[in-house]
Structure formats: C-alpha cells, structure tokens
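To keep things clear, I will list the structure first and then write my remarks on it.
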Amino acid sequence: MSIIINKLSYTYDPGLSFEKKALDDVSITIHEGQIAGIIGHTGSGKSTLIQHMNGLIKVNAKGKVLVDQEDLFDLRKDVHTVCQKVGMVFQYPEMQLFEETVEKDVGFGPKNLGLDEHSVKERVVEALDMVDLDYDKIHQRQPFFLSGGEKRRVAIAGILAMKPKYLILDEPTAGLDPYTREQLLDEILKINKEKGITIIMVSHDMDEVSRLTDVLYVMQKGRIALSGATREVFAQYDKIRDLGLMVPEITEVLLGISRCKPDLDYTLFDLDLAVKEILKNIHYHGN
Amino acid sequence: MEIRKSISIGQYIPANSFLHMLDPRTKLISVLGFIVMIFFIKDLFGYLLLLVLMILLIFLSTIPFSFFLRGLKPILFLILFTVVIQLFMTKGTLLLALGPLKISLEGVFAATYIFLRLVLLVFASSLLTLSTSPIGLTNALEYLLRPFKVIGIPASEISMMMTIALRFIPTILEETDRLIKAQTARGVNFEKGNLFKRLQQLIPILIPLFVSAFRRADDLAIAMEARCFQVGKKRTHLKELSFTLRDWLFFVLFFVPVLSIVWFY
C-alpha cells in the first residue's frame, strides 16, 4: 500500500505572462509506514506537490496520483473518502481553528463525516491523546486562548480525528519555541511508530528531517533533484550544498572530524550514536 | 475552487505603456470625466463613439483584453438582469411577441444603451485600476481631495485607509483560498448542499478570517505607531506627483473629442 505519484506536472496561471511551472514531471512513491521528508527552497514546488496528494489540487491530464492503488481522480468524487485516507496539516494550522471549544473544533472533521455523537467524542479523546493533550483538562477551553504550542496541537488533532492513513505535515514546527518543537517532533514520531500512520513531512529544518525521516526527497525548481534513504541523501553532502541547502549540524561536525579520521561514519544522525562513533575513532587511533 | 483567480478588484498590471506613465491624477480625472459622459449621452451614435475611444485606450494600455472581460464577470448577472428587464418591460412600437412577452423597438434600444453603459463603466474603472498602481491612485485621490480639507474632509487619512485596504485585498484572498483548502481537508464540501447549508459552511472560513484580520490590523497599528505615524499630522511623499507634457497632451487628446460630443448634443 502506498501513495504513487506518476509524471505529475503543474503550472500556475497557464498562458499568462506570469505563469509559473510549479511541478515538472515528478514521480515518487511513498510506502506505508514510512516517514518521508520533502525539502527544498521556497518555491521549489513542495506545497504544490503535497496538495496533489489529497486532491486539493486537481491532477491534470498527463499525471497520475494513486492512493492505495486507487486513482485520486475517482476518490475525489467523494470528498470524505479522500479526507479519511490522506490527512493534511497546513502550515500554521492553528489559523483554521474556529469553534468555541477545543472539543467542538477537534470534532468538526468527524462530524462532517456524519458520525454519531458517541464516536465523535471517542475520536476527539483519542486524537488529543496522540498529541499529548489531556481531554479532561482542555476540552472545554476556547481554542483562541490557548498557548501557541497547544493551538498547534489542537489543530493537528483536528486532522488526526479524521483517522487518516497518511498524514501530510507542511512545516509542522514553524514558529514554535525550541522546547515545544522537540515535543511535537516526538509526538509525530510516536504517531508513526505507535499508530502506524504514514507521515509525509515538508520542512526547512535539516536537523529535524534527519532525525525523523526514513526517506527524503529534495526538490528544486519543480523537480526531484535527489531522493533515497535519508542517510544516503545526506551522504551526498556536496550535492546538497550545490542545491543551496544545508546538511544537518551533526553531519557538519562528523564531516569535519572525518577529514582527519577518514574511517569515521558521517551518516549518523542520532546524537548518542555519533558521540560513540567519534569516541571509537579517536580511541582507535590513540591506542 | 480558487477565489483569488476570480476577483480582479484592485489588480494592477505593471507595464511601460503611455497610459501607465501618465500622472495618476490625469487618469483619475479623465475616468471621472468619461463616467460623467457615459450618463450624459443618450443616443447610439454617442455610445459608439465612446466605445471606439475606450477600445483605443485599452489598446494603448497594452493590457490583455481578457483582464477587462474578467472585470465584467462579477456583475454579469446584474447586466443580464437589467438588459432583460429593459428589453421586455419598455413599452412602444411592437417588434416581436413571444406569448405574453413583448419586445418593442424602444426596448431594444433601451437594452442596448444600458448594456453599453454598464460595460463602459466597468471598462473605464478597470482601465484605471489595471494601469495605475494602488499607491499612485491613493496619492492622486489625496491630492484631489485636498481642497475639501477646509470643510473638514480628512484627505490624507482617507487615502491612507484606501492604501491599506487595497494592499490587503490580495493577502486576504490568498488566506481565504488557504482556509477553504484547510477546511475541505476536514471534510467540508463547499460545492454541495442547499443555500442554508452553504451559508453554514462559510462559518469555518469567516471566523478564522476575521480573527486574523483583526490580529493583522493590530500588528499594523503597532508597526505604524513605531514609525511615528500620527493622525492629522502632515505627511510628505517619497515620490511627488508631477504633471508633464505627456499629461497635457493626453488631456487635449481626450477631452477635446469628448467635450465636442457633449457640445454636439
């Protein structure tokens, strides 16, 4: 089971002098259970690509988007099936909060699906739990008076309450303080590992991408410039730099050390593993 | 469904045409004059003259004609409605009868007039906004309102308000698009349902839109105060408007034929 994107192209404002080619013959496959990362500069086509994955942008004639072997074009006919398959968390999702209470807002999606009150509540409790919010404490509060981090979590819970199989996150940590960011990243990891929800994540932050993702797609000018397992992609650090992007800080450090210790494996992103690797190399030569 | 694409209010198409380079005041006065003309003229020949003049101006602006047609879209229903009413409700020499519906010769004329009048109105105002930057437009308005300061009209404040409003139209449209998409992803189907249901579906769009508009207004107010903006104080302009030979030339070329039409009738 997977999301397959085949030869997808998309142009904004076609035919006008300011037309912009956002996607140019993009083909990718995202397998179930993965955390996939999409990185690239502003305007490289990331947002356009992810909006294709749940039918918010119509797939044009040449390309194809298959979700679990079903053509999105057919799925789109019933908005509700698409929502339940592929959840979409936009950038700054707290902007979409509008209800009087957290409970009502998170329950908005399930209610649209036509579920009864009991199952709506069940889903709300479960979704809030997935983002580490306590239903009993928060469900009667007004979304507009929550803290930034809580608002973000409530908004994400609103999508999780749709019980999607695939969850798309567009820069989920943008504008959060470092502590909340770490927490949210842990929650995303947990959602993937414990609930088995496939995650597709757009990000500008190489450190969080390297920590979380299994596979990585690097976009440039509407094309996939690099792709593969995250470790392998960052191993091509010179290519990444050529694209005007940065490698994770941890890779910078390991690369620096590997210049005098060539045996060092610089494709580690876990801090503990990296420390061990450095110590191993230094000790090896020291002895 | 994209709202941004279907609304062209306040859109400005930059170019280097003769019309773009005119002083905004020239254009504002000319458009006002043209609009007065539209209501002044009462026969077909006059309208055809105005239409030819309009087409010439559109040609001169180098802006694609499709943008002008887009301006018609929002009021298409209004145009059709008034044309149909004029066509069937005007009494006079019978021309054609379809059962109880009667079309008179006078009706055909009245419908044509009203059609041309509305289209010319839209084209004239589109021409102004498409070829003039919003800043230029508000500066021109401020200048032209200056004499009325004596009777207490706050010219510079009005123009500041207009500048801010025009500046945020695209931003708010973009945000609306985003919210529509975000709520669609939560299972709202904006393309289905009866009138009541559709109105209800606007709530998840309108509330966040208002919330962020108020927040943005607050931020803007603070940013303006931080830069010492004060109501009622005289402000200078970075770019002073200047009348050139080009503007006088345009006035002559524009108003001589237009005024001669008036004189003619």
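The values are calculated or read from the model by the stated rules, or taken from the named source; none is laboratory data. This is a predicted model, so every value here is computed, not measured. All Cβ positions, even for glycine, are placed from backbone atoms using ideal geometry, and neighbour counts span all protein chains on display.
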* Assess whether residue B:179 counts as being part of a helix (DSSP H, G or I), within 11 Å of another protein chain (Cβ to nearest Cβ) and without any contact (Cβ under 8 Å) to a residue 40 or more places away in the chain. => yes
* Test for residue A:35: is it assigned by TED's automatic domain parsing to the domain that holds residue A:84 and crowded, with 22+ Cβ neighbours inside 10 Å -> yes
* Structure fact -> Per the filter on segment A:93-140, residues more than 10 Å from chain B (Cβ to nearest Cβ) and of a type in the set (Gly, Ala, Ser) are A:107, A:119, A:127
* Go through (1) closer than 23 Å to residue A:208 by Cβ; (2) among the hydrophobic types (A, V, I, L, M, F, W, C); (3) in contact with a helix residue (DSSP H, G or I) (Cβ under 8 Å, 6 or more places away or on another chain) and name the single condition residue A:229 misses. => (3)
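A quick yes/no check of all residues on (1) under 26 Å from residue A:88 (Cβ atoms); (2) at pLDDT 90 or above; (3) surrounded by 14 or more Cβ atoms within 10 Å (Cβ to Cβ):
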position	(1), (2), (3)
A:193	yes, yes, no
A:227	yes, yes, yes
A:261	no, no, yes
A:270	no, no, no
A:277	no, no, yes
* Asked: Does residue B:173 qualify as being within 10 Å of chain A (Cβ to nearest Cβ), more than 26 Å from residue B:231 (Cβ to Cβ) and assigned to a helix (DSSP H, G or I)?
  -> no
* Asked: Does at least one position in segment A:67-82 carry a residue that is crowded, with 18+ Cβ neighbours inside 10 Å, within 12 Å of chain B (Cβ to nearest Cβ) and of a type outside the set (Ser, Thr, Tyr)?
  -> yes
* To do: Would you confirm whether any residue within segment B:186-196 is out of contact with any Pro (no Cβ under 7 Å at 6 or more places or on another chain), assigned to a helix (DSSP H, G or I) and more than 7 Å from every other protein chain (Cβ to nearest Cβ)?
  => yes
* **Those residues of segment B:1-42 which are modelled with pLDDT of 85 or more, farther than 18 Å from residue B:123 by Cβ and among the basic types (Lys, Arg), in sequence order** => B:25
* To do: Find the residue count for segment A:83-95, including only residues that are buried (at least 22 other Cβ atoms within 10 Å of the Cβ) and either part of a helix (DSSP H, G or I) or of a type in the set (D, E, K, R) (or both).
  => 2
* Asked: Does segment B:132-141 include one or more residues that are buried (at least 17 other Cβ atoms within 10 Å of the Cβ), more than 14 Å from every other protein chain (Cβ to nearest Cβ), of a type in the set (A, V, I, L, M) and more than 22 Å from residue B:217 (Cβ to Cβ)?
  -> yes
* Note down all Cβ pairs under 8 Å where the first residue falls in segment A:128-143 and is in contact (Cβ under 8 Å) with a residue 40 or more places away in the chain and in the same structural domain as residue A:108 (by TED's automatic domain parsing), the second is assigned to a loop (DSSP other than H, G, I, E, B) and β-branched (Val, Ile, Thr), and they're at least six residues apart or on different chains. => A:141/A:101; A:142/A:101; A:143/A:101
* To do: Any chance you could count how many residues in segment A:96-115 are assigned to a helix (DSSP H, G or I) and free of Cβ contacts under 8 Å to residues at least 12 places away in the same chain?
  => 2
* Structure fact -> Out of (1) crowded, with 16+ Cβ neighbours inside 10 Å; (2) part of a helix (DSSP H, G or I), the one residue B:102 does not meet is (2)
* Would you tally the residues in segment A:80-106 being of a type outside the set (Lys, Arg) and within 16 Å of residue A:146 (Cβ to Cβ)? => 14
* segment A:157-181, subset without any contact (Cβ under 8 Å) to a residue 40 or more places away in the chain and under 16 Å from the mean Cα position of the chain (by Cα), residue farthest from the other protein chains (Cβ to nearest Cβ) -> A:181
* Could you figure out which of (1) of a type in the set (A, V, I, L, M, F, W, C); (2) surrounded by 16 or more Cβ atoms within 10 Å (Cβ to Cβ); (3) closer than 30 Å to residue B:237 by Cα isn't true of residue B:108? => (3)
